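I have a structure I would like to understand better, so I am pasting it below and will then ask my questions one at a time.
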Amino acid sequence: MVPAMGFLTGVRVVDFDQHGPGARAVRVLADYGAEVVRIARPRHRAEGEIETPSSAYGGGRGLHRVAIDLKDDEGRALAQRIAARADVVIETFRPGVAARLGLGAEELRARNPRLVYCSLTGYGQHGARSGWVGHDLNYAAVGGLLAGTQPRADGGPPVLGATIADAAGGGLHAVAAVLAALVRRER
C-alpha cells in the first residue's frame, strides 16, 4: 500500500506558473508525491516581476525549477519535449497564449495523448472577460468580498491578509480536476 502522502509518486507535473492558483495546485500535488518541473522565465525575461519569496508555497519543496525562454524557438522546443514526458501540465497563460507558443492542449496532446492539461484563467477561456488579467485581489473585488470588508484609512479598498481566491478558488479546484482526470485516464 502506498502511503497517502505518496499516492502520486511516479506522476510528473509540468508547471508553467509561479504564482497564484497554479503554484498552489502544484504545491499540493507535490505534497502528495508528484514530481513537479516548474518552467520559469530566465532572469533576463523576468525583469520587473515580483520574485516569490522562497518561503511562499512551501518554499519550493519538491519542485525542480528549469529556466526556459519561451520566446525563443529552442526554448519552446525544449519545453515541448519536457511536456511530452509529463502526466500533467498546468498553465496560467491568458487564453490563446499557450497555443501560440506551441504549448496548448492540442499541440501537447498530439505528442502525448494521455496528457492531463489544466488551464487556469481568471475569467474563463471564452467570453467578454476572458482576456482580463486576473489576480486574487481582482477576484475578491468582482466576487463582492471587498465590498464586505472595511476600507483602508485613506478610503481605498483593503488588501486582504490571505489570497483566498488563488488558494481555495483556483488552486484547490485545479487539484480536484487534475486528480479526477488522472483517475478517468486510468479507467
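Per DSSP H run of n ≥ 4, the term is -39500 (n - 2.57); total these for the chain, divide by its residue number, and report the mean residue ellipticity at 222 nm rounded to 500 deg cm²/dmol. If you can, show how the numbers build up before the last one.
Values: 6 runs with 57 residues, N = 187.
Rounded to the nearest 500, it is -9000 deg cm²/dmol.
I'd like to know which of ALA67, VAL13, LEU160 lies farthest towards the positive end of the charge dipole of the chain, counting +1 on Cβ of Lys and Arg and -1 on Cβ of Asp and Glu.
VAL13
I would also like to ask the following. Ignoring ligands, DNA and RNA, what percent of the 1.4 Å accessible area of the chain is carbon and sulfur?
55
Calculate how steeply helix 172-186 sits against the longest principal axis of the alpha-carbon atoms of the chain, using the helix alpha-carbon long axis, and give the answer as 0 to 90 degrees to the nearest 10.
It is inclined by approximately 20 degrees.
With axes computed from alpha carbons, what is the tilt in degrees of helix 73-84 against the longest principal axis of the chain, rounded to the nearest 10 within 0 to 90?
80
Can you tally the net charge around GLY122? Count Lys and Arg as +1, Asp and Glu as -1, for every other residue whose Cβ sits under 15 Å from the Cβ of GLY122.
Working: positive: ARG24, ARG94, ARG129; negative: ASP17, GLU91, ASP136, ASP166.
Computed value for this residue: -1.
Moving to a separate point now. Could you work out the relative contact order of the chain, using alpha carbon pairs under 8 angstrom and six or more residues apart, expressed as a whole percent? Let's see the in-between values first.
Values: 282 pairs, mean separation 43.0, N = 187.
It comes to 23 percent, rounded to a whole number.
Can you list residues whose amide H is under 5 Å from VAL89's amide H, if they're 5+ apart or on another chain and H is modeled 1.01 Å from N?
Under 5 Å from the amide H of VAL89 lie the amide H atoms of VAL14, VAL116, TYR117, CYS118, each far enough along the sequence or on another chain.
Related question: List the extent of the Cα atoms of the chain along each of their three principal axes, largest first, rounded to whole Å.
The principal-axis extents, from largest down, are 53, 44, 34 Å.
Considering only the other residues whose Cβ falls under 12 Å of the Cβ of ARG185, what net charge follows from Lys and Arg at +1 and Asp and Glu at -1? Please list the in-between numbers first.
On the way: positive: ARG109, ARG114, ARG184, ARG187; negative: ASP87, GLU186.
Surrounding charge for ARG185 is +2.
Report, by chain and number, residues whose modeled amide H sits under 5 Å from the one on GLY124, excluding near sequence neighbours (fewer than 5 apart, same chain).
none
Before I look further, what does the range 58-187 give for accessible area per residue, probe 1.4 Å, in whole square angstrom?
Details: 7740 Å² over 130 residues.
Value for the range 58-187: 60 Å² per residue.
Another question, then. Roughly what angle does helix 20-31 make with the longest principal axis of the chain, taking Cα atoms, 0 to 90 degrees, to the nearest 10?
50
In terms of modelled amide H atoms, which long-range or inter-chain residues lie less than 5 Å from the amide H of HIS135?
The answer is none.
The values are calculated or read from the model by the stated rules, or taken from the named source; none is laboratory data. The shown structure was predicted, so the numbers you read here are calculated from the model rather than taken from an experiment. Ideal geometry is used to build each Cβ from the backbone, glycine not excepted, and the neighbour counts take in all protein chains shown. Ligands, DNA and RNA are excluded from the accessible area calculation, which covers all protein heavy atoms including side chains. Shrake-Rupley method; radii C 1.70, N 1.55, O 1.52, S 1.80 Å.
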